[in-house]
Amino acid sequence: WIDPLGLIKTVSAKVVQFSQDSVSPIFENCQSINTLIYAMKSNPSYFKRVEPLRVIKFKDLPNSIQNRLRSQGANTDGIYSLDNRRLLAAKEANSKINIIFVKPSDVPEINLEKRFSTENGGKKPIIRC
């Protein structure tokens, strides 16, 4: 991924929280999460080939979502992924990941109230069968 504006940051996947309580084991391109995990474990620089995660800072979330996350013991300084399968793969591979910060107005096509289904403050989601 090329970042001419310098907006993409590389972080340990450990610092990013999940927004959803469950994820599909298959990407839209029919690739399995396990395939990505294997690639990231096998090649520590593979994360550079993975599309950056779109993340939102806690403080940029709507108040209703902040309140829900706060009631779950979430980190109020945390960042939350909108791309949970890629995040899960990076965490399982103990990899770094590229992120790009977005604000709710940057992703109007995403219903954040629905997307933020986590019930454990952004910890690991369940993998759906």
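Data overview
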| read-out | value |
| --- | --- |
| Any hit, the stretch 1-19, residues being in contact with a Gly (Cβ under 6 Å, 6 or more places away or on another chain) and either exposed (fewer than 13 other Cβ atoms within 10 Å of the Cβ) or not in a helix (DSSP H, G or I) (or both) | yes |
| Qualifying strands (runs of 3 or more DSSP E) (wholly inside the stretch 40-129; at least 1 residues being open to solvent by less than 20 Å² (accessible area, probe 1.4 Å) and in contact with a Pro (Cβ under 9 Å, 6 or more places away or on another chain)) | 53-57, 96-101 |
| Residue within the stretch 42-50 that is closer than 27 Å to P108 by Cβ and in contact (Cβ under 8 Å) with a residue 40 or more places away in the chain present | yes |
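The values are calculated or read from the model by the stated rules, or taken from the named source; none is laboratory data. This is a predicted model, so every value here is computed, not measured. For neighbour counting, all protein chains shown are included, and Cβ atoms are generated from backbone atoms with ideal geometry for every residue, glycine included. Please note that ligands, DNA and RNA were not included when accessible areas were found on the heavy atoms of the full protein model with its side chains. Shrake-Rupley method; radii C 1.70, N 1.55, O 1.52, S 1.80 Å.
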